[in-house]
Each structure stands twice: as C-alpha cells, then as structure tokens.
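Novice: Once you've had a glance at the structure underneath, I'll fire off some questions.
The values are calculated or read from the model by the stated rules, or taken from the named source; none is laboratory data. Just so you know, these numbers come straight off a predicted model, no measurement behind them. No Cβ is skipped: glycine too gets one built from the backbone with ideal geometry, and neighbour counts run over all protein chains shown.
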Amino acid sequence: MSLQSLDHSTNTTRKLSREEIEGKVNELVASVSSGNKTALLAGMIYTVLGLGEDNAEISDLKLLGKALAEMRRANAVFQPFRHTRKVAVFGSARTKPEEAEFQTALEFAKRIVAEGFMVITGGGDGIMGAAQLGAGADRSFGLNIRLPFEQRPNAIIQGNPKLITFNYFFARKLSFMKETHAFVLLPGGFGTLDEGFESLTLMQTGKTQIAPIILLDKPDGFYWETWRRFIENDLFRKGLISESDFHLFHITRDVQDAINQILNFYRVFHSYRWVRDQLVIRLTAPLVDEDLALLSERFCNLLNTPSIEQTGPLPEEREDENIAHLPRLVLTPSKKDFGYLRLLINHINQSKTKNYSELSKPSYRA
C-alpha cells in the first residue's frame with residue numbers, strides 16, 4: 001500500500017513508504033482509542049485506503065460510506081443499553097388495532113418488558129406499532145427503513161432518540177441480528193417471512209448466535225402451522241433441511257408460553273463465543289458434576305473431544321471484564337449441526353447448578 005505526500009519545497013508529490021503509512025495510521029488511531037481496539041481500527045483504515053488503491057467506483061464508495069455511517073449510528077444508539085437483553089418483534093405493517101394479532105403483539109410486548117427486556121421493532125405500524133405501544137417509548141427501539149410506501153415510523157417511536165432510519169436493508173438486518181437476544185414473529189407478509197428465514201439461516205449455518213425464535217399466532221390462528229406444514233412437506237421430507245433444524249424455532253398461540261421460552265433460554269445459559277475451534281459457553285451458575293457428565297454423555301456425537309470441561313474464562317476473553325466472573329463450559333463441537341447445539345443449550349438450562357461458594361473464584365486459564 002502506498003499514499004502520496006505533497007513536498008511543499010518542490011511542490012511535487014511522492015509515495016509514502018509502508019513504514020510512513022503505518023506511522024500516520026497508528027498516530028491517528030492513538031488519538032481516539034487505546035488497547036486492543038487500536039489494531040482493529042487500524043485494520044479498518046487500511047481497508048478504506050485499499051479502496052483508493054483499487055480505484056473503486058464513486059457509486060461503490062458512496063454505498064460503503066453510507067452503510068458504515070448507518071452502522072456507526074446504530075452502534076452509538078445501542079451502546080448505552082448493551083447490558084439489557086432485547087427482543088425483536090416482527091409482523092405485518094398492515095395489521096389493524098381491532099385484529100387479534102395486534103392485541104397479541106401488544107400483550108406480549110407489555111409482559112416481556114415487565115420481565116426486564118427491551119423491545120426492538122422495524123418502527124412501522126401494524127404489529128410493530130402494537131409491540132411499541134405495549135413496550136412503551138422508553139423501552140423501545142425502532143429500526144426503520146426508507147421505503148416509497150408503508151414504512152413510516154409509528155406514533156410511539158416517532159421522534160424517539162432510539163429510532164434509527166436506514167437506507168439499506170443489509171445494515172438494518174445486521175443491527176437486528178447483532179443486538180437481539182430473542183426473535184418473536186407474528187403473522188406478516190414477505191418482510192416478516194424474510195426476517196424469519198434470515199434468522200433461521202444464520203443460526204442454522206453458525207453465522208450468528210443461537211437465540212430463541214418464537215413464531216407467535218393469535219389464540220385460534222393457523223398461520224404458523226400452515227408454514228410448518230410447508231417446512232415439513234417441502235423441505236424436510238425432500239432432505240433439504242435436517243430434523244435438528246426444528247429445534248431452532250418454537251410455534252405457539254400462547255403469549256405466556258412465548259415469554260417462558262425466552263426466560264427459560266437464559267435461566268442458566270448466558271452467552272457464548274468461539275475461541276478458534278473451541279466453543280466457550282458462559283453460564284449464570286456452575287453445573288453440578290453429575291449433570292456436567294450427563295451433558296458430555298448425551299451430546300458425545302456433537303463433540304470432537306472426549307468431554308465438556310467446566311472452567312473459568314479463557315485468556316482470549318480477558319477483554320470481557322463485565323462477564324469475567326461467569327463460569328464456562330468449554331467444548332470442541334463439530335460445526336455441522338447448530339440445531340443440535342440449540343438442544344444442548346436447552347439441556348444446560350434444565351441442569352442443576354451449584355452455588356458460587358462451592359467453587360473457588362474462576363480464573364483465567366494459561
């Protein structure tokens with residue numbers, strides 16, 4: 001990579017050396033950040049400079065610049081609420097307040113907020129407006145999209161600092177996936193089905209964190225049962241998906257059942273991350289030894305190692321100071337069946353746990 005610098009004494013330009021470029025980039029990054037973030041920020045700058053070297057088209061630069069600005073804006077809005085779990089609610093923008101689906105969305109949002117969660121919607125009317133109304137403006141985010149029709153912000157989220165308007169669907173979807181701890185879908189059109197299949201695909205392929213996907217219908221509704229018949233008859237029976245993929249979603253007509261699915265998912269399980277080929281699952285409390293052994297036995301086909309180990313955080317997790325105290329399960333699973341991984345999380349949540357006093361304080365492994 002090379003850049004040009006103006007030599008004022010001769011009014012000519014010369015190419016900067018690699019060392020000079022690195023020095024300028026490091027100086028620039030050091031003026032705004034420190035620690036482990038500096039290398040990542042420097043890498044982003046080198047990518048931008050590479051676009052110049054590639055002679056990228058103006059239209060491409062505009063698209064990439066706007067998308068990065070949208071993602072930065074969304075990140076800034078969510079940053080103060082990082083430690084509050086959030087539920088995304090999807091559904092038709094055309095649903096009227098007198099319809100049962102509207103009332104179901106409103107009731108769900110009201111109850112899940114009472115459990116300490118916040119709600120994210122697309123910011124529009126219909127099901128989205130119902131969820132926003134149930135959650136209230138203070139506990140809501142709206143991720144709106146600029147469209148020539150239909151998708152204007154609803155009255156609850158309009159003017160709220162937690163309303164973000166996107167130009168690009170992909171930037172908006174990234175924010176939904178990155179910030180959401182559970183997905184609840186009510187009946188809707190192409191957009192709702194797109195969000196549902198996108199979430200399922202990303203979890204099925206391991207490209208995003210496993211989280212509850214709940215398909216919620218009105219008390220006497222058959223929307224999601226009809227969808228399930230299509231999944232079974234035209235996808236599963238033809239070998240296009242696996243049986244374990246059915247663990248990735250849950251269909252219900254009961255608001256309380258939907259809420260319980262979310263609460264139970266986070267009963268013992270907290271979160272996870274990959275450290276190379278190792279999966280590190282954070283827990284709210286350590287498992288008793290007997291149940292840990294049962295997990296290793298029950299899910300031996302998922303493992304590339306003999307057993308699941310219970311430990312403290314790995315050295316690579318040192319930057320996660322807020323969760324350094326949480327016990328971990330460390331395993332090396334095959335990366336072919338993420339529906340089965342969802343089943344593992346279910347079993348973790350059904351396991352017995354120890355009191356923290358029964359273990360020494362978790363420490364970093366060498």
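Novice: Taking the conditions exactly as written (buried (at least 19 other Cβ atoms within 10 Å of the Cβ), aliphatic (A, V, I, L, M), assigned by TED's automatic domain parsing to the domain that holds Ile345 and modelled with pLDDT of 95 or more), does Ile281 satisfy them or not?
Specialist: Taking the combined requirement at face value, the residue satisfies it.
Yes or no, residue by residue, for (1) touching a residue at least 12 places away in the same chain (Cβ under 8 Å); (2) among the aromatic types (Phe, Trp, Tyr); (3) more than 23 Å from Arg267 (Cα to Cα):
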site: Ala100; (1), (2), (3): yes, no, yes
site: Ala105; (1), (2), (3): yes, no, yes
site: Gly116; (1), (2), (3): yes, no, no
site: Gly122; (1), (2), (3): yes, no, yes
site: Phe170; (1), (2), (3): yes, yes, yes
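Novice: Is there a residue in the stretch 296-304 that is touching a helix residue (DSSP H, G or I) at 6+ places or on another chain (Cβ under 7 Å), more than 24 Å from Leu200 (Cα to Cα) and surrounded by fewer than 16 Cβ atoms within 10 Å (Cβ to Cβ)?
Specialist: Yes - at least one qualifying residue is present in the stretch 296-304.
Novice: Can you pull out the residues in the stretch 235-250 that are aliphatic (A, V, I, L, M) and surrounded by fewer than 17 Cβ atoms within 10 Å (Cβ to Cβ)?
Specialist: Listed by number, the residues that qualify are Leu235, Leu240.
Novice: Being in contact with a Pro (Cβ under 8 Å, 6 or more places away or on another chain) and closer than 19 Å to Arg82 by Cβ is the filter here, so list the residues in the stretch 157-180 that pass it.
Specialist: Answer for the stretch 157-180, where residues must be in contact with a Pro (Cβ under 8 Å, 6 or more places away or on another chain) and closer than 19 Å to Arg82 by Cβ: just Leu163.
Novice: Output the residues belonging to the stretch 30-82 that are in contact with a strand residue (DSSP E or B) (Cβ under 6 Å, 6 or more places away or on another chain) and without any contact (Cβ under 8 Å) to a residue 24 or more places away in the chain.
Specialist: Correct list: empty.
Novice: Tell me, yes or no, whether the stretch 332-350 has at least one residue that is more than 20 Å from Gln209 (Cβ to Cβ), at pLDDT below 95 and among the aliphatic types (A, V, I, L, M).
Specialist: no
Novice: Looking only at the stretch 297-325, count every residue that is not polar (S, T, N, Q) and not in a loop (DSSP other than H, G, I, E, B) and tell me the total. If you could, list the steps in order and put the result at the bottom.
Specialist: If we filter the stretch 297-325 for residues that are not polar (S, T, N, Q), which is where we start, we get 297-300, 302-303, 306, 308-309, 312-321, 323-325.
Narrowing further to those that are not in a loop (DSSP other than H, G, I, E, B): 297-298, 300, 302-303, 309, 315-317, 321, 323.
Counting residues in the stretch 297-325 that are not polar (S, T, N, Q) and not in a loop (DSSP other than H, G, I, E, B) gives 11.
Novice: Might you check whether a residue that is closer than 25 Å to Thr192 by Cα, hydroxyl-bearing (Ser, Thr, Tyr) and either out of contact with any His (no Cβ under 8 Å at 6 or more places or on another chain) or outside the structural domain of Asp138 (by TED's automatic domain parsing) (or both) occurs anywhere in the stretch 77-90?
Specialist: Yes, some residue in the stretch 77-90 is closer than 25 Å to Thr192 by Cα, hydroxyl-bearing (Ser, Thr, Tyr) and either out of contact with any His (no Cβ under 8 Å at 6 or more places or on another chain) or outside the structural domain of Asp138 (by TED's automatic domain parsing) (or both).
Residue by residue, here is whether (1) buried (at least 19 other Cβ atoms within 10 Å of the Cβ); (2) over 25 Å from the mean Cα position of the chain (by Cα); (3) not in a loop (DSSP other than H, G, I, E, B) holds:
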site: Trp224; (1), (2), (3): yes, no, yes
site: Arg229; (1), (2), (3): no, yes, yes
site: Asn233; (1), (2), (3): no, yes, yes
site: Leu263; (1), (2), (3): no, no, yes
